[in-house]
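Below is one structure, written out as structure tokens; the observations come after it.
Values in this text are rule-based calculations from the coordinates and carry no lab data. No experiment lies behind these values; they were computed from the predicted model shown. Note: ideal-geometry Cβ built from the backbone for every residue, glycine included; neighbour counts use all protein chains shown.
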Amino acid sequence: MKLLSVLFKTGSVRHIFLISFLMFGIADSYDPLDPNGNITIKWDIMSWTSDGYIAIVTIFNFQKYRHIEAPGWELGWTWSKNEIIWSMLGGQTTEQGNCLKFKGNVPHCCKKDPIVVDLLPETTTYNLRTTNCCRGGVLSTMIQDHSNSVSSIQITVGQAGTTNKTVKAPKNFNLKGSSASGPGLGYTCGSTKLVKPSKFFTPDKRRFTQALMSWNVTCTYSQFLAQKSPSCCVSLSSFYSDTIVNCPTCTCGCQNKITQAAGTCVRSYSAHIASSSAVISPGGGGGRGGTYTPMMVQCTRHMCPIRVHWHVKQSYKEYWRVKITITNFNYRMNYTQWNIVVQHPNFNNLTQSFSFNYKSIPAYKFTNDTGMLWGIKYYNDMLMEAGPYGFVQSELLFRKDKEFTFDKGWAFPRRIYFNGDSCVMPPPDEYPFLPNDAAQNIISLLKTALVSLILFLI
């Protein structure tokens, strides 16, 4: 509190802005733009066996704009008793565990705390697949691709009890996903809850079948838990100002020429090509079948893997135009199915989006000030690794309304997310501002004097 008091007295807007971001921007898992967003794990017991049951475990991504990128999700839990996994379809455990006591028929996994991953897309063996499987653990957002926002596995559990009175739910669920800065934590899962048995359509869509028992687990995301530093930043410019507001220095880390580890910061694209004959792209598909290559970021003042640039391009009589450029400074990652979320008061008057898809996601009932933008499939839905092609861009055309103004930074966004992570905005006191009236009057007087001089000479 003393520090804040000093900052307010000294009027340091930059410091106040940065502290407010660190304190409130990413510390809470509650997202006001997606208050009901979560990942729900549903555990449905479909039938009993001689020593346990067969279950369908389904992961639903109910988040509007946060997806799980490659190398995909990892799902873990702890058994309540001495359960084992006899077999699995659509997924596999990362370890088998100690199964020495079993003779003949060896279980798929004997660990007390198994970790399960999705199968890779190239899995062609039909008897290992199941519905909604085999995407390498990639889960799309609800808005971008609803059909690919679900992942399922079938699991045969042994030593578990064979009735709804003897079976016990798994506990201590944990979910690992991949965010804008790479694989990591970020999701916190609640306790297992017994819910009404799930219902399923038969293939002919004319009859419902029902699970014997169902449990639900809800997992929520926190950017603060997912990463120690931000993963993206925003820069600004405008046609009416010569000022280009860059991302704040050291936004995502600082260059340290003395202690910096080799290979973590590359000075130029040519230097990267010379030091690496092949680039492993964890964001380009696949899953956890290979080793994840750590981030190699281009050396910049901000040191962020992603920069979003908002340029106020033109003003017409009834419209105004904005150009958005998203640049990838990571030499070792392609961002597939990327998206950005922009909060701006004029989105209610968006007329056209060029080369990007657009979807309104109003945060409040009577306000439409937030929009989601993402690439067109097979055209620019992959943000390539750093280099000559490591960017995507589009233009937005807005209609001017009664509240429209270029004054006091109104034309710039209030907040921007990249792949669900909040990007650091520049300090408000550095935004490009319109020339003041005094400057305009001086320019006008100079023009008048120049015209008078020319007429006099003529």
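The mean of 1/r over all distinct Cα pairs in region 47-163, once inverted, gives the Kirkwood hydrodynamic radius of 15.1 Å.
Anything over 24 Å Cα to Cα? Flag those among Lys112/Lys199; Lys81/Lys101; Lys64/Lys313; Lys111/Lys168; Lys42/Lys112, in the order listed. In this structure, Lys112/Lys199; Lys64/Lys313 lie more than 24 Å apart at Cα.
Taking a straight Cα-Cα cut-off under 20 Å and skipping sequence neighbours fewer than 8 places away in the same chain, the aspartates and glutamates within cross-link reach of Lys402 are Glu318, Asp369.
Peptides 351-361, 379-389 ranked from most to least packed by the mean count of surrounding Cβ atoms within 10 Å: 379-389, 351-361.
Couplings 3J(HN,Hα) for region 306-315, derived from phi with the Karplus relation 6.51 cos²θ - 1.76 cosθ + 1.60 (θ = phi - 60°), are 10, 10, 10, 10, 10, 10, 6, 8, 8, 10 Hz, where x marks Gly and Pro.
Once the Cα-Cα distance is subtracted from the 0.36 nm per residue extended length, the Glu318 to Asp145 segment shows a gain of 58.8 nm.
Listed by chain and number, the aspartates and glutamates whose alpha-carbon sits under 19 Å from that of Lys103, ignoring those within fewer than 8 places in the same chain, are Asp51, Glu83, Glu95. Label zone (Asp51, point 7 Å along Cα-to-C-beta; backbone nitrogen cut-off 20 Å) within region 126-164: 155-164. In summary, the lysines within cross-link reach of Lys228, defined as a Cα separation below 19 angstrom excluding same-chain residues under 8 places away, comprise Lys176.
Restricting region 185-244 to trypsin sites (Lys or Arg not before Pro) that sit in a DSSP loop and have at most 15 other Cβ atoms within 10 Å of their own Cβ leaves Lys205, Arg206, Arg207, Lys228. Amide H contacts for Cys109 (H built 1.01 Å from N in the peptide plane; partners 5 or more residues away or on another chain; cut-off under 5 Å): Ile85.
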